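K.L.:
Next up is a structure, given as structure tokens.
Read the figures in this text as sums done on the coordinates, not as results from a lab. Every value quoted in this text rests on a predicted model; they were computed, and no experiment measured them. We place every Cβ from the backbone using ideal geometry, glycine too, and count neighbours over all the protein chains shown.
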Amino acid sequence: MKTQLSIAASALALAPTAAVASPPTLQDIIGDPEWVTLSGSSRLRYETLEGQPRAGLNATDEQLALRTIITAQIDLQAIKINAEVHDSRAWLTKPGGAVSANEVNAFELVQANIAGDVSLDGGAKLSLQLGRMTLGLGSRRLVAADDYRNATNGYTGLRADLRTKGGLAATVIYVLPHIRLPDDLPSIKAQQSQWDRESFDLQLWGGLVSHTGLVRHVTLEAGYFGVLERDWPGHVTRQRDLDSFSARLIRDARPGKVDFELEGIYQSGTVRASNSTSAAILPVSAWFMHADAGYSFPGPAKVRLSLEYDRASGDEPGGKFGRFDTLFGMRGADLAQSGIYNAIGRANISAVGVRLEKGLASRWEGYFTYKPMWLANRTDSFSTTGVRDATGSAGNFAGHQVDVQLRYWLLTKFLRLQLNAANLSKGRFLRTAPNAVTAADTHYIATTISVHF
């Protein structure tokens, strides 16, 4: 662990000495035609973890993950044809380690769609997209394409976006989220390629409406997303039938100004109590809230300091299911990155934090966060760790988390180095709960090099 950290730190420290012109891109190689855009990227990341926080896994873990993306667009003026292939692979995971279809999804056509714009009266514009696509909607807490995770989320269906000159915007979707395949461990470890499953057994629909013109520099947003999930041959699901209603208020960050974000989400519907065909179908009543306030310091460094709070409900006895479901959302922007750490998500958590972040300037960007964390309900499993004490006697304090990310463009727009590190000083709950893997604190480090071509 210490060796990996010193190697990453040395690489970042030496990075400013490089001053080499970037090599030609794929677009340059094909002669840079106006009607075709071609690009690609390849990311190699080594992760190591000690003091496993998640139940059912080894106390220590490591993984070498490679993700390659090739993106193409054909511009026919009236319409655009888009395609994107992802190849996600992982190695070094030992038996009992964290490897799944979240890390391995070999040679998958994640995007294959047509898109076009229609001009409307009054300067409004309607954009339509049909086919396979990635999505990142609103705060991305419910619908996103997770970039840190090795294998992303894909969706097949229809997206429509409306924009007006008066600041009104609306997005509507009806899609079938992709179920990443293969999902059995032998096939995953063999890096087998299989077309991801899309069917009406898993449906997502809904949208967002926002307005930026009511209050200066403030955006108001309201949203709804519905999910319908059913069993399919050989696979038992949670039979989710969920409705998620959201409201969000944002003031964007600007130098020398205070900014903020408030979002609340309420979830209702029904869900199967467990992944068993005999489990009861329970009514759902769950919720999530996020609040942060920050200040961006004037100057070229682009530094912002903020305070933030996240709370997601947990389940409790009483006949209703109360654990919040983040659907297809990302976690990194609020809580912690995924990878083989993947312990802190938007479920049964109460976390207050401070964040110091530096925007891209002089090739550097990064952030530092500190969060003490509690269980919202002490009898449910903590966040996404799977660690639980049904009696509640282990208390509700999970621990202190420090999360750091540093990124540096060694060659601008071509070669980038990245370091991620997380330290979880476990509290009483994660040290003494019956199914905790180890009482030792968690240390996670990931070193990444990515090439854009």
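K.L.:
Rank-order 296-305, 282-291, 116-125 by packing density, defined as the average count of other C-beta atoms within 10 Å over each peptide's residues, highest first.
P.N.:
For the peptides 296-305, 282-291, 116-125, the packing ranking is 282-291, 296-305, 116-125.
K.L.:
What is the distance, in nm, between label points placed 7 Å from the Cα along the Cα-to-Cβ direction at Val354 and at Asp231?
P.N.:
Reported label-point gap for Val354 and Asp231 is 5.2 nm.
K.L.:
Counting only the backbone N, which residues of region 88-124 are under 17 Å from the spot 7 Å out from the Cα of Asp75 toward its beta-carbon?
P.N.:
From region 88-124, the list is 114-118.
K.L.:
Okay, helix-only estimate at 222 nm for the chain: each DSSP H run of n ≥ 4 adds -39500 (n - 2.57), divide by all residues, round to 500 deg cm²/dmol; what do you get?
P.N.:
Helix-only estimate at 222 nm: -1500 deg cm²/dmol.
K.L.:
Taking amide H positions as placed in the peptide plane 1.01 Å from N, state which residues far from Gly269 in sequence (5 or more) or on other chains have amide H under 5 Å from it.
P.N.:
Under 5 Å from the amide H of Gly269 lie the amide H atoms of Asp243, Val284, each far enough along the sequence or on another chain.
K.L.:
Let me ask you something else. Cα extents of region 258-300 along the three principal axes, largest first, in whole Å?
P.N.:
Projected onto its principal axes, the Cα set of region 258-300 covers 60, 18, 8 Å.
K.L.:
From the cross-link list Lys80/Lys165; Lys358/Lys413; Lys257/Lys358; Lys165/Lys302; Lys257/Lys426, which pairs have alpha carbons spaced over 25 Å apart?
P.N.:
Lys165/Lys302; Lys257/Lys426
K.L.:
From zero outward in steps of 20 Å, how is the percent of C-alpha pairs of the chain spread across the bins?
P.N.:
Using 20 Å bins, I get a P(r) of 22, 60, 18, 0 for the chain.
K.L.:
Now for a different question. Classify region 66-208 as rounded, prolate or oblate, taking a ≥ b ≥ c as the square roots of the eigenvalues of its Cα gyration tensor: rounded when a/c is under 1.5, otherwise prolate if a/b is larger than b/c and oblate if not.
P.N.:
In terms of gyration-tensor shape, prolate.
K.L.:
So, counting K/R as plus one and D/E as minus one, what does the shell of residues with Cβ under 9 Å around Gln337 add up to?
P.N.:
+1
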